[in-house]
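Enquirer: One structure coming up, written as C-alpha cells, with questions to follow.
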Amino acid sequence: MSLYLFLAPVKNLGYNVFVEVFWVRKFHLPFFAGLWLTLATLFWGGNVALAEAAEVVLGDQQTDEYLPRLTGKRVALFCNHSALVGDKHLLEVLLEEGVQVTGLLAPEHGIRGKAAAGASIADQVDEATGIPIMSLYDGTTTTVRPSAETMGTFDVLLIDIQDVGLRYYTYYITICDLLEACSDYGKEVILLDRPNPNGHYVDGPVLDMSLKSHIGRLPIPVVHGMTLGELMRMAIGENWLSIPKGLNFDVIPCLNYTHQTPYAPPVPPSPNLPNLKSIYLYPSLCPFEGTAVSIGRGTSHPFQCFGHPALKGEYSYSFTPQSVPAAPNPPLQGEVCYGLDFRQVSDADLRHKEIDLSYVIDAYRIFVQKGLGDKFFHKVTLADLGEVEHFDLSMGQAYVREAIIAGKDNAEIRAMWQQDVENFRQQRKPYLLYEE
C-alpha cells in the first residue's frame, strides 16, 4: 500500500488555490475518504469560504460561448448602458470582434439609460457608431413590438441588460415582446444573463392578469427572485408567451452565482435607482407611486425616502422635489414633503427585509385622520383597461389596497399572499439556472 500526495497550485478565476492530488494503490475506500477530509482540513483551510467569495462571471464576459455563434450573422442588440463587459460596453466588444451589429433596440430610459421613467423614446442613430437605435418603449401601452422592417434587419437578437427582479420593472416586459416577435420571424435569441440584486427572496401578490399592463406582464409575484434568463425560460415553459412557431432561445448563464450571492450592479440600472440601497427599498417604496405620496423623485436620493406635505407634524424629515433630468416635473414639485429618510439604514440590513407595507399603511392612516383618505390613492386611465387604480397595477391585486382601507396591518396583508408565493416557488423550480 502506498500513497503519494502533492499540492498543485491552480489559477481559477483570479484566485490561487491548492488542489490536493492523490495517487492511491490498494487503498480501502472509507479510509481514503477519511484521510482526504483530514488532509483537506489541514491543507485547504478556509478554501470553502474562498470558493463562496469567487467572483461572479457574467454571461457577457463569456465571449467564447457566444461570439462564434454570431459569425457571419446580422446581430441586433437589446441593451442599455448597463451592458458592460468589464469596463467596455458590449457594443464596443462586438464591433472590435468584427460582429455585424445592424441595430440597437432601446428599452425604457433609452440606450444610455438617462431618459425619465415613462418617457417616450424616439428612434435615432447612435452618434459614435452610426448604428440605428430603434425604441421599444412609449410609456403608455402594454405591448410595443419592433416593426416588420426592424425584424428584417437582423438574424440574431443578443440581450444584455441589468434587471432588479421586480414585476413592475419594465425591461422584462420588453423582452417578452421581443421573444414573441422573434418567434414570429424565425430569429435566434441569445440572452447574456446577469445576477438579480433582489434574487435572494420571493415576495408579494401574484399578478391578477385582468390587471396586465405596461408595468405588469406575467403572473408572477412582485419580487420574483429570478434572473432574466430564468424568468424568460419560465415564461416560455409555462406558455405565458405567444410563440406558436417555437423559439430558438438560449441563455448564457453566470458562473459562481447562486440566489444568495450578494450583487451590486456596477452602474445604476435606471436613473431613479442610483444605488444598491434604492434597489433594496424599491419593493417597499414603489407602491407609493400609486398614491399621493412622493418617493423622492426630483431629489438626489429617489427610492430612499418618502413624504408628503400632509404628513407634516408626524415626521420630522423633509425634502422638496425639484425638476431634474432623471425626473422632470416630479410629483409635488416645489412642495415641502415630510416623511422618512432611509439613507442611514445599512444596505446589509435592507437586504434582509421583505416587502414592508407599513410605510404605506401608516401614511394612509394619517391621511384618513386629517380627512384626506379619499385623496391618498389615485387612478390612471389606460387604453386597454380604462380607469384603474395605479396602486392595484403595481401590487397586481386589488385586495391589497382594499385591505389597507379596511384597516389591516402589514402582517395581516402579507399573510394573504404567502400561499401564492410558495406555489410560485415550486412552479419556478424547473426553470432555475442557479442554486437557491
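The values are calculated or read from the model by the stated rules, or taken from the named source; none is laboratory data. Since this is a predicted model, take the numbers as computed values, not measurements. Quick reminder, even Gly has a Cβ in these numbers, built from the backbone with ideal geometry, and neighbours come from all protein chains shown.
Residues checked against (1) of a type in the set (Ser, Thr, Tyr); (2) modelled with pLDDT of 95 or more:
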site: THR153; (1), (2): yes, yes
site: VAL156; (1), (2): no, yes
site: GLN162; (1), (2): no, yes
site: LEU166; (1), (2): no, yes
site: TYR171; (1), (2): yes, no
site: THR174; (1), (2): yes, no
site: TYR185; (1), (2): yes, yes
site: ILE190; (1), (2): no, yes
site: ARG194; (1), (2): no, yes
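Enquirer: Continuing with the same structure: Just name the residue that is nearest to LEU179 (Cα to Cα) out of those in region 58-105 that are free of Cβ contacts under 8 Å to residues at least 60 places away in the same chain and of a type in the set (Gly, Ala, Ser).
Expert: GLY103
Enquirer: Which of the residues spanning region 309-325 are touching a strand residue (DSSP E or B) at 6+ places or on another chain (Cβ under 8 Å), surrounded by fewer than 18 Cβ atoms within 10 Å (Cβ to Cβ) and not small (Gly, Ala, Ser)?
Expert: Hits for region 309-325 are PRO309, LYS312, GLU314, TYR317, THR320.
Enquirer: So which strands (runs of 3 or more DSSP E) stay within region 196-275 end to end and still have 1 or more residues that are under 19 Å from ASN423 (Cα atoms)?
Expert: Fully inside region 196-275 and qualifying: 203-206, 221-223.
Enquirer: While we're here: What pairs come out if I take residues in region 297-312 that are under 22 Å from LYS375 (Cβ atoms) and pair them with residues that are acidic (Asp, Glu) whose C-beta lies under 8 Å away, six or more apart or interchain?
Expert: Pairs that qualify, where the first residue is under 22 Å from LYS375 (Cβ atoms) and the partner is acidic (Asp, Glu), are CYS305/ASP341; PRO309/GLU335.
Here's the yes/no breakdown for (1) in contact with an Asp or Glu (Cβ under 8 Å, 6 or more places away or on another chain); (2) more than 16 Å from TYR169 (Cα to Cα); (3) modelled with pLDDT of 95 or more:
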site: HIS224; (1), (2), (3): no, no, yes
site: LEU228; (1), (2), (3): yes, no, yes
site: ILE243; (1), (2), (3): yes, yes, yes
site: CYS286; (1), (2), (3): no, no, yes
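Enquirer: Something else: Residues of region 178-231 being of a type in the set (Val, Ile, Thr) and under 17 Å from TYR282 (Cβ atoms), which ones?
Expert: Matches in region 178-231: VAL202, ILE215, ILE220, VAL222, VAL223, THR227.
Enquirer: Now for a different question. For PRO302, indicate whether it is in a loop (DSSP other than H, G, I, E, B) and buried (at least 18 other Cβ atoms within 10 Å of the Cβ).
Expert: yes
Enquirer: Does region 68-109 hold any residues that are surrounded by fewer than 16 Cβ atoms within 10 Å (Cβ to Cβ) and out of contact with any Gly (no Cβ under 9 Å at 6 or more places or on another chain), and which are they?
Expert: Within region 68-109, PRO68, ARG69, GLY72, LYS73, GLY86, ASP87, LYS88, GLU92, LEU95, GLU96, GLU97, GLY98 meet the criteria.
Enquirer: Related question: Any residue that is β-branched (Val, Ile, Thr) and surrounded by fewer than 18 Cβ atoms within 10 Å (Cβ to Cβ) - is there at least one of those in region 257-276?
Expert: Yes.
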